[in-house]
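Encoded as structure tokens, the structure appears first; notes follow it.
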Amino acid sequence: MKKNTLVMLGGFVIAGAIIFLLMAATPGSSGVELTLKDLKENQEKHKDDFVTFEGLLVEDTIEWNADKIKLNFDVNDNENNKMHVVYNGVKPDNFSDGVIVIMQGYLGKEDHFEAESIKTRCPSKYEGEDMKNYDPDTHKDKLNKKPEEPAAGQPSK
């Protein structure tokens, strides 16, 4: 074989290997994002798919086994759809009632989800108020107030 043919063949092999590794390392890019309702209604259809969905944590269902690093819990939505989740990994710090949990993984048996990763979002109590109800006069005093100067001999803040 000629030298140019070997170089081109080697380039194709390397390019193919890179494409394969990128596809294998990013299963989320080939997955689907669903609502909990859609996931429950179409479990058979999505049983082999890498799925992302979110739900509200049901706190009294949390079972944490620190020895096995295994977390079992249920999530639901506003329409009372419920899914049991099994996760082999570290329990997030803010894992409490009212937290929105985002899960990625695969469906197990009916109404069971095998999560490969879980993330939590802050509950709505941490979100800001609706901007259409914002009254700028409420904050006028704070905006126009000058910082106080420290008294003589006092360190500045």
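Read-outs throughout are calculated quantities, based only on the coordinates presented, and are distinct from any laboratory measurement. Worth saying up front: this structure is predicted, and the values here are computed from it rather than measured. Positions of Cβ are backbone-derived with ideal geometry, glycine not excepted, and every protein chain shown enters the neighbour counts.
Points worth noting:
- For the pair SER117 and ASN88, the difference between a 0.36 nm per residue extended length and the Cα-Cα distance amounts to 9.6 nm.
- Protection proxy ranking, peptides 13-23, 61-71, average beta carbon neighbours within 10 Å, highest first: 61-71, 13-23
- Length available on full extension from GLU44 to LEU9: 0.36 nm per residue minus the Cα-Cα distance, which gives 8.3 nm.
- Virtual spin-label span in nm between LYS37 and ALA17, 7 Å along Cα→Cβ: 4.9
- Debye-formula intensities of region 34-121, expressed as log10 I(q)/I(0) at q = 0.11, 0.20 Å⁻¹, are -0.25, -0.86 (one equal scatterer per alpha-carbon, no solvent).
- Between amide H atoms placed 1.01 Å from N, distances below 5 Å from THR120 occur with ILE102, all of them 5 or more places distant or on a separate chain.
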